[in-house]
1. Starting from residues that are farther than 17 Å from residue 61 by Cα and either in contact with a strand residue (DSSP E or B) (Cβ under 9 Å, 6 or more places away or on another chain) or buried (at least 16 other Cβ atoms within 10 Å of the Cβ) (or both), keep the ones in the range 116-138 and report whichever is modelled with the highest pLDDT.
2. Mind checking which residues of the range 429-466 are without any contact (Cβ under 8 Å) to a residue 12 or more places away in the chain and either touching a helix residue (DSSP H, G or I) at 6+ places or on another chain (Cβ under 6 Å) or not assigned by TED's automatic domain parsing to the domain that holds residue 410 (or both)?
3. How many of the residues making up the range 13-38 are touching a residue at least 60 places away in the same chain (Cβ under 8 Å) and more than 21 Å from the chain's Cα centre (by Cα)?
4. Test residue 157 against the stated conditions and say whether it is crowded, with 17+ Cβ neighbours inside 10 Å and either assigned by TED's automatic domain parsing to the domain that holds residue 48 or without any contact (Cβ under 8 Å) to a residue 60 or more places away in the chain (or both).
5. Return the only residue of 474, 408, 478 being under 30 Å from residue 194 (Cβ atoms) and either without any contact (Cβ under 8 Å) to a residue 24 or more places away in the chain or exposed (fewer than 13 other Cβ atoms within 10 Å of the Cβ) (or both).
6. In this structure, does residue 166 turn out to be surrounded by 11 or more Cβ atoms within 10 Å (Cβ to Cβ) and within 21 Å of the chain's Cα centre (by Cα)?
7. Give the range 317-344 a look and list any residue that's over 30 Å from residue 22 (Cβ atoms) and in contact with a helix residue (DSSP H, G or I) (Cβ under 8 Å, 6 or more places away or on another chain), or say none.
8. For residue 262, state whether it is closer than 18 Å to residue 17 by Cα and either at pLDDT below 95 or touching a helix residue (DSSP H, G or I) at 6+ places or on another chain (Cβ under 9 Å) (or both).
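The values are calculated or read from the model by the stated rules, or taken from the named source; none is laboratory data. Just so it is clear, the model here is predicted, and its values are computed rather than measured. When we count neighbours, we look across all protein chains shown, and the Cβ atoms used for this are built from the backbone with ideal geometry, even at glycine.
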């Protein structure tokens, strides 16, 4: 996301901050959040070469979110008047965006000129009918709708992350729109924020299935899923915490503005100064093939390690600052991860909301399943299976490629070895902790060792192929120079 885009989003946040100052009855905060969040998914959607797709993907996002609410809402949450008002606001926003096609030959809010207005009205009608039928025939009968919903989200996710499948879908869409299929590319389908949206939707489906989802009106549900500061890069908030902030009175003050401004400046410096400067020498597919010395190989790897941290944590700071201006305290996502003495603590402090999501919805259920099986599974094997599976899935979440799988396996094996080592050396560790100086020395060593392991793992993450990654590893250790 560019600096201009971020500053405009900060401007939206300030509008809501100012309105909240005078909106004692809290009539305008949610409608403004709803309209801004709806509009932002069209505005930030990347331009795509397939005709009209950069308009239809945000429409599909809204359809999926509305379907998520239909499947998860309880009778007391279906206030007809409030639901109608929310629907009018969302549909009205979409139609206003669609009508900007008459203001010029290029997109005003959308990346390209919106489709024909009749086509937009027809699609909205079909979506509305589908939602109505889903409400009548799916809601509350069995657990099947929740399972089907999750499967649909995972299938879409795979279609967006698997290059071969993405390219095939691009060919089909190009034929449908009368464009050349020979130009199809896996980059033709870039759906703004779908990974984070899917995680929030799966969270609500699973929590409703388990009876843990808080009651949410339609406007609250849409705002939670599409909250614009966190739409493109997180953090992944939990619905119960988010809704609590959304419902409590928000009183703008100089302290709130000061705290948000400080966090914003820190985030901007991280992302657009530190990260952008490091990006000039950080490891990538181009310079990886040109490395001719061991020292430069290490410089590139370390530069990438800090570049990805400053870029990601910088955006998190920016998102949190915007949330504060609207009375929403988004969760922290980073807590000095490179200063942790072991790999488990690193992952407890790196992209924390993603780690917590996988722990709650995959790692813990899988662990319970293995431990409760009729045939006892050794503890060490439970740890190995769960860690490898979880970290591999986290790798695949970033992209369905061999290198992301290898990155996930790298960390899964690392956490397993660290876990077994820690268990084996507990008596020695207890004695070391009784000697402060020695304990400090050991902590410094393990922290440096953990950072080194993580930095080497970024080689798999940063590069597109295993051959290139192995070539860089060879340079790092003086082989093939």
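1. Top of the filtered list is 135.
2. First pass over the range 429-466, keeping only residues without any contact (Cβ under 8 Å) to a residue 12 or more places away in the chain: 429-442, 444-445, 448-449, 452.
Result: 432, 433, 438, 439, 442.
3. First, the residues of the range 13-38 that are touching a residue at least 60 places away in the same chain (Cβ under 8 Å): 13-14, 16-18, 20-21, 26, 29-31, 33-34, 36-38.
If we keep only those that are more than 21 Å from the chain's Cα centre (by Cα) as well, we get 14, 16-18, 20-21, 26, 29-31.
Result for the range 13-38: 10.
4. Numbers: crowded, with 17+ Cβ neighbours inside 10 Å: yes; either assigned by TED's automatic domain parsing to the domain that holds residue 48 or without any contact (Cβ under 8 Å) to a residue 60 or more places away in the chain (or both): yes.
Yes.
5. On the way: 474 fails: under 30 Å from residue 194 (Cβ atoms); 478 fails: under 30 Å from residue 194 (Cβ atoms).
Only one candidate qualifies: 408.
6. On the way: surrounded by 11 or more Cβ atoms within 10 Å (Cβ to Cβ): yes; within 21 Å of the chain's Cα centre (by Cα): yes.
It is true that residue 166 is surrounded by 11 or more Cβ atoms within 10 Å (Cβ to Cβ) and within 21 Å of the chain's Cα centre (by Cα).
7. The initial filter retains those residues of the range 317-344 that are over 30 Å from residue 22 (Cβ atoms), namely 332-344.
Listed by number, the residues that qualify are 332, 333, 334, 335, 337, 338, 339, 340, 341, 342, 343, 344.
8. Numbers: closer than 18 Å to residue 17 by Cα: yes; either at pLDDT below 95 or touching a helix residue (DSSP H, G or I) at 6+ places or on another chain (Cβ under 9 Å) (or both): yes.
Considered against the rule, which asks whether it is closer than 18 Å to residue 17 by Cα and either at pLDDT below 95 or touching a helix residue (DSSP H, G or I) at 6+ places or on another chain (Cβ under 9 Å) (or both), residue 262 comes out as yes.
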